[in-house]
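Working notes, beginning with the structure itself.
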Amino acid sequence: MGTYLVTGATGLIGRHVVKLLAERPDAGEIALLVRERSRARLAEQIRGLPGHDRIRLLIGDIAEDHLGLSEADRASLTGQVDHLIHAAALYDLAADNATSVEANVDGTRHVLELAADLRVGRLHHISSVAVAGDYRGKFAEDMFDAGQRLVTPYHRTKFAAEELVREQQAVPWRIYRPAVVVGHSVTGEMDKIDGPYYFLPAIARLAGFPSLPVVFPDIGSTNIVPVDFVAAALVHIAHADGLDGQVFHLTNPDPQPVADVYNAFAKAAGAPRITAELPRQVSKPLVELAKLTEYVPGSTLVRDGVLDWLGIPPPVLSVLTFPSIFDSSSTRRALADTEIRVPPLESYAPALWRYWREHLDPFRARAHHGRTRLDGRRIVITGASSGIGRATALKVSAEGGIPLLVARRADELAEVKAEIQAAGGAAYAYPCDLTDPEAVDKTVEQMLNEQPAIDMLVNNAGRSIRRSVKLSYDRFHDYERAMAINYFGALRLILALLPHMTERKFGHIVNVSSIGVQGIAPRFSAYVASKSALDQFSKVVATETFGDGVTFTTVHMPLVRTPMIRPTKIYDAFPAKSPDQAADMIIKALEERPKHIGTGVGFVMQLAYAISPDLVDAIAYQGYRIFPDSTAAGGEGKLKLGKGERQLSRAAAALMRVTRGIHW
């Protein structure tokens, strides 16, 4: 019976190799090298395998001498290992040189030293077609150092590792060079983003676009194989007689044009497919011209920005295609009497796509298949006990969303929750004072413990202070109170939820701001300043969370008839939106996730101020004179709105109509 020592058993190839070894009736003990931190995961992985009682876990690390094995473990293995399968390596094109050397070169050197000490029967080294570098033409299995250029640290260290295996003479060896390894051809199982998976988010963005004719340049070919083929071929060849000192290309027999690979995944994704390729003689100059753009100042910055947006490391572009054609004659001869073959990519691309969407898509939290765009989304809504917040919560629930209600008054939150439940919806109440940092931290912790995820946040809670600066000289606390809830309260929630949202690569934050930020708002210096702070914070942070899938919408809300404006009696005569109309603006922000939502009047004010700020100031000053401070603000309070001591002047009424929605 064969006995085995396997490195890299937790990796994609190693995991499948171990499964096949465990299924072999002639297999003896299978020893798996594993780091302490990965032991529990590997133990769980092998628990369901046939013959798992023959599998032994050895604590060690390829980065250490003797792989970090204890003297007792080394003694028990000496002279007992028929096959040492070295699958541990760093498969990362974006890794730096030092990290790659430590894992791939130093790790292989330690494996070879241990193999010699243990008197291993045979070493099976998993190399890579990356050793061919930029070699142009047919690269045979018996070729190695052919003057090729090695373009990344990964290429260089895989070449150096294979060279170490070839040069040593203490242990017989067989070398396996897989092509680009993707998931299982039946289940689609894959353990990380690599190779073509980097491009799947871009294909996902194209899903649903109309299937128009698409012409694409012929940029070359690649070579992709599923992990189950690689593992099956390796295990079979490892046990065949008379193959020591040979190299085997575990590759697709024929190069795969990039356009064909794209079409296989595009078909699975429902994205437009390439219908025609430009001839090679036309494509080649276009590709060369594209390379020359790297010398245009700023072009690489733009390119890398786009790639980062798509989640594609720039080094991947340099190895998108293979200049080499990999001859696999020896491999095909060794597998001739078996049914082990590379399936066509189009036959298993749907399985790869489904597994990626469900388990690996960094933006999978964005994928939504409910009856509405908010169906099932969990949305935190502050100020939810009344006014705009209450109306928004009811509308979110009506759209199938699950509002997480936040406000100070627990009894009123309970009423809103009960109203939603009576209508057949679901809601959760979280009483919290947003000006209390400790209360916010505890509330967010409770939410994250109770909810499977938090998708969105509506910062609606706020305080409005209408008071001229002349009446505020000794009221600095007005500015502090406005900032405490309108800015710092919202900010605390954003900062508390951002780690959760960025980890999920999805989140949307709606900040209810004010039309006053866009232009003229006399007597609202405290209120508008606090809203402006939140606007600018969100504008800046949106650039930092762009790659994490967390977006922001600012709603510049006009005057809304809510309890917040009730103390200002002149607003009783002003045209104002209802809470339901305001909530519609927020629902649009949640569903469509634009950068900004506002009104036509607000846009005109913003434009006017940009063109002629002095004129806007003059108009605003007239409003300041016409609409006095209210009694609640410390004014004289002589302005009456109906029959009485004084009515709105014609000028005031006209200005009110023209500037509909403005906070005067």
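A short reminder: the numbers here are calculations on the coordinates, not readings from a lab. Here the structure is a predicted model, which means the values were calculated and not measured. For neighbour counting, all protein chains shown are included, and Cβ atoms are generated from backbone atoms with ideal geometry for every residue, glycine included.
Of K158/K284; K158/K192; K505/K595; K531/K595, which pairs sit farther than 21 Å apart, going by alpha carbon to alpha carbon?
Violating the 21 Å Cα-Cα cut-off are K158/K284.
Distance between Cα centroids, region 326-374 to region 163-215: provide it in whole Å.
9
With Rg and the Kirkwood Rh both taken from Cα atoms, where does Rg over Rh land for the chain?
For the chain, the value is 1.12.
What order, most packed first, do the peptides 454-460, 551-557, 154-160 have when packing is the mean number of other Cβ atoms within 10 Å of each residue?
In decreasing order of mean packing, 454-460, 551-557, 154-160 become 454-460, 551-557, 154-160.
Sorted by average packing, counted as other Cβ atoms within 10 angstrom per residue and highest first, what order do 63-74, 606-617, 27-38 take?
27-38, 63-74, 606-617
Filter the DSSP H helices in the chain by two things, a Kyte-Doolittle mean of at least -1.0 and an axial alpha-carbon span of 24 angstrom or more, and list the hits by number.
Flagged H segments are 525-544.
Rank-order 40-51, 428-439, 219-230 by packing density, defined as the average count of other C-beta atoms within 10 Å over each peptide's residues, highest first.
219-230, 428-439, 40-51
Rounded to whole Å, give me the distance from the Cα center of region 8-43 to that of region 475-507.
The distance from the Cα centre of region 8-43 to that of region 475-507 comes to 48 Å.
Mind listing which chymotrypsin sites (Phe, Trp or Tyr not before Pro) in region 458-551 are in a DSSP loop and have 11 or fewer other Cβ atoms within 10 Å?
Here the chymotrypsin sites (Phe, Trp or Tyr not before Pro) that fit, given the DSSP loop and packing criteria, are Y473.
When Rg is the radius of gyration of the Cα atoms in region 492-557 and Rh is its Kirkwood radius, what does Rg/Rh come to?
With Rh from the inverse mean 1/r over Cα pairs, Rg/Rh is 1.05.
Could you tell me how far the Cα centroid of region 93-127 sits from the Cα centroid of region 399-416, in Å?
That distance is 58 Å.
Taking R0 as 60 Å, what's the FRET efficiency between E419 and D474 from their Cβ-Cβ distance, rounded to 0.05?
0.90
Report the charge-dipole magnitude of the chain in Debye, nearest 20, computed about the Cα centre from +1 at each Lys and Arg Cβ and -1 at each Asp and Glu Cβ.
Magnitude of the dipole: close to 3640 debye.
Normalised radius of gyration for region 2-359, please: alpha carbon Rg relative to 2.2 N^0.38 Å, two decimal places.
Here the answer is 1.03, to two decimals.
Which value in deg cm²/dmol, rounded to the nearest 500, describes the helix-derived mean residue ellipticity at 222 nm for the chain, given -39,500 (n - 2.57) per DSSP H run of n ≥ 4 and division by the residue count?
-12000 deg cm²/dmol
Taking the DSSP beta bridges in the chain as the whole, what percent of them are antiparallel, to the nearest 5?
5
So for the chain, taking the charge dipole from beta-carbon charges (+1 Lys/Arg, -1 Asp/Glu), which of P343, P437, A384 sits furthest toward the positive end?
Projecting each Cα onto the dipole axis, the largest value belongs to A384.
How would region 90-133 be classified by its alpha-carbon gyration tensor: rounded, prolate or oblate, with rounded meaning a/c under 1.5 and the a/b versus b/c comparison settling the rest?
In terms of gyration-tensor shape, oblate.
Place a +1 charge on the Cβ of each Lys and Arg in region 100-200 and a -1 charge on the Cβ of each Asp and Glu, then give the dipole magnitude about the Cα centre in debye, rounded to the nearest 20.
240
Which one of V406, V396, P452 is farthest out on the positive end of the charge dipole of region 390-453, using unit charges on Cβ (Lys, Arg +1; Asp, Glu -1) and the Cα centre as origin?
Of V406, V396, P452, it is V396.
Quick one: compute the contact order of the chain, relative version, from alpha carbon pairs under 8 angstrom and 6+ residues apart, as a percent.
Once normalised by length, the contact order is 9 percent.
Which of the aspartates and glutamates could be linked to K442 by a straight reach, that is with a Cα gap under 17 Å, when you skip same-chain ones fewer than 8 residues away?
Those aspartates and glutamates meeting the cut-off are D433, E450.
First measure r as the distance between the Cβ atoms of T78 and D241, then evaluate 1/(1 + (r/R0)^6) with R0 = 22 Å and state the FRET efficiency to the nearest 0.05.
0.35
Size of the dipole of region 37-98 about the Cα centre, Lys and Arg at +1 and Asp and Glu at -1 on the beta carbon, nothing else charged, in debye to 20?
Dipole magnitude for region 37-98 comes out near 360 debye.
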